[in-house]
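Only one structure is covered here, and it is reproduced in the block below.
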Amino acid sequence: MRVLVIGSGGREHALCRGLRLDPSVSEVHCAPGNAGIARVATLHQVTPTDGAAVSALAVTLGADLVVIGPEAPLVAGVADAVRAAGIPCFGPSSEPAGIEGSKSFAKDVMTAAGVPTARAYTCVTADEAAAALDEFGPPYVVKDDGLAAGKGVVVTGDRDEALAHAQACERVVIEEFLDGPEVSLFALCDGETAVALQPAQDFKRVGDGDAGPNTGGMGAYTPLPWAPEGLTEQVMSEIVHPTVAELAARGMPYTGVLYAGLALTAKGPRVIEFNARFGDPETQVVLDRLETPLAGLLLACATGTLAAHEPLRWREGAAVTVVVAAENYPGEPVKGDVIEGLDADVPGAYVLHAGTAFDTDGRIVSNGGRVLSVVGTGHDLGEARSRAYEAVGHIRLRGSHHRSDIALRAVES
């Protein structure tokens, strides 16, 4: 198989790595990719949201499968353009991708499907936002209705801050706060059938102890030793299957990965958000544990044959990833600094690139907010965590920062 991956982040590096490990794959291509992906895939310059350019590249390469990583190309209809060119594509069409592209649309789908989630109001004026904030009370949850690269959500006890965020967005969803530990569950879908991947937990806040502003994600781990027994089965039956069925009933069959961001409340799992793609950095740990060859699995989703696919197999043990971020992230990140220590030999650990590039001298430099995802693996979370942080300790990037408490509570409990 020849596979083309669209995107340039840590999630796409994890996908390219998994595809490269699949013996059925002869070629891995990535557009536009990054400095790390260049080691496992042939890179091509293309604008990821340009459906015509992506489909033309796929045709030129003779791709057997296109895998779209980020949300923006999906919402822009790139998957539709690829399918129109006659090439199987892993990723939802633009209409069902609205489950991430519009928080309001997602709430409408969940309500129709009877999916448990927070009560919410869609607001377009300051008066509407103020009324919604007063009804729910603190902590206030304000979400930009559109795509915001994982940073469009404000959770705060400060009403003025919440109202200011609402006014900075054209349209927001304001909802009640869901209390409880958060879990990410990815479900692979082919329009009718859906199968679950292993649950993971990520860390959204920039600082230790969940301090500071939201980010795209500062680390993740799997498995979750504290998760309730039967959680995956419950989420599939109460949340994923009804959502997939509702979208199909609307004439929007969902093909790709449906990401359910969940809060485990006292009343059971509740959906915080849906995403239309693999989460980053959870993908980095979930795919590490997946033993089933990746390409055939994604192709089964793209071709509507998931029901006939063999049951998924998982590796024993655990995986932890720690994100190394650039100076000033999640604000405007400093770019162009040389990265050293990437090839340090730490058994059971490896580095996935997220925001990197080559400078004019061929050196690897920072080129984004989240620069690296350092993955550690082991027999248990403690060993995986230790290896991840040992590898992080070898990396030198001026002004960089990372959290020191990824998976710590799970290890100590």
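Points to keep in mind about this one:
- Residue check for residue 272: in a strand (DSSP E or B), at pLDDT below 95 and open to solvent by less than 10 Å² (accessible area, probe 1.4 Å): no
- For region 312-343, a residue qualifies if it is touching a residue at least 12 places away in the same chain (Cβ under 8 Å) and open to solvent by 40 Å² or more (accessible area, probe 1.4 Å), and the qualifying residues are 312, 313, 314, 315, 316, 327, 328, 334, 335, 336, 338, 340.
- Applying the condition of being open to solvent by less than 30 Å² (accessible area, probe 1.4 Å) and more than 22 Å from residue 182 (Cα to Cα) to region 94-112 and asking which residue is nearest to the chain's Cα centre (by Cα) yields 97.
- Residue that is in contact with a Phe, Trp or Tyr (Cβ under 8 Å, 6 or more places away or on another chain) and over 14 Å from residue 35 (Cα atoms), where the choices are 413, 400: 413
- Here region 226-254 is the region considered, the condition is being touching a helix residue (DSSP H, G or I) at 6+ places or on another chain (Cβ under 6 Å) and more than 11 Å from residue 115 (Cα to Cα), and the residue that is most open to solvent (accessible area, probe 1.4 Å) is 252.
- A single entry from 363, 409, 398, 387 fulfils the requirement of being free of Cβ contacts under 8 Å to residues at least 24 places away in the same chain, over 21 Å from the mean Cα position of the chain (by Cα) and open to solvent by 60 Å² or more (accessible area, probe 1.4 Å): 409.
- Pairs, first under 30 Å from residue 406 (Cβ atoms) and aromatic (Phe, Trp, Tyr) in region 167-188, second modelled with pLDDT of 90 or more and assigned to a loop (DSSP other than H, G, I, E, B), C-beta under 6 Å, six or more apart: 177/139; 186/197
- Considering region 300-395, the qualifying strands (runs of 3 or more DSSP E), each wholly inside and each with 3 or more residues that are among the hydrophobic types (A, V, I, L, M, F, W, C), run over 318-325, 349-353, 370-378.
- Every pair of residues 6+ apart whose Cβ atoms lie under 8 Å, when the first sits in region 366-378 and is surrounded by fewer than 24 Cβ atoms within 10 Å (Cβ to Cβ) while the second is assigned to a loop (DSSP other than H, G, I, E, B) and among the basic types (Lys, Arg): 367/335; 368/335
- Condition check for residue 403: within 18 Å of the chain's Cα centre (by Cα), charged (D, E, K, R) and crowded, with 16+ Cβ neighbours inside 10 Å: no
- Residue ranges of helices (runs of 4 or more DSSP H) in region 76-156 with at least 1 members at pLDDT below 95 and touching a helix residue (DSSP H, G or I) at 6+ places or on another chain (Cβ under 7 Å): 94-101, 103-113, 126-136
- Of the residues making up region 277-299, those that are assigned to a loop (DSSP other than H, G, I, E, B) and surrounded by fewer than 24 Cβ atoms within 10 Å (Cβ to Cβ) are 279, 291, 292, 293.
- Restricting region 15-46 to residues that are under 18 Å from residue 366 (Cα atoms) and in a helix (DSSP H, G or I), the residue that is most open to solvent (accessible area, probe 1.4 Å): 39
- Residue within region 142-150 that is open to solvent by 50 Å² or more (accessible area, probe 1.4 Å) and not polar (S, T, N, Q) present: yes
The values are calculated or read from the model by the stated rules, or taken from the named source; none is laboratory data. Computed from a predicted structure; not experimentally measured. Glycine gets a Cβ as well: all are built from the backbone with ideal geometry, and neighbour counts include every protein chain shown. To get the accessible areas, we keep the full protein, side chains included, count just its heavy atoms, and leave off ligands, DNA and RNA. Shrake-Rupley method; radii C 1.70, N 1.55, O 1.52, S 1.80 Å.
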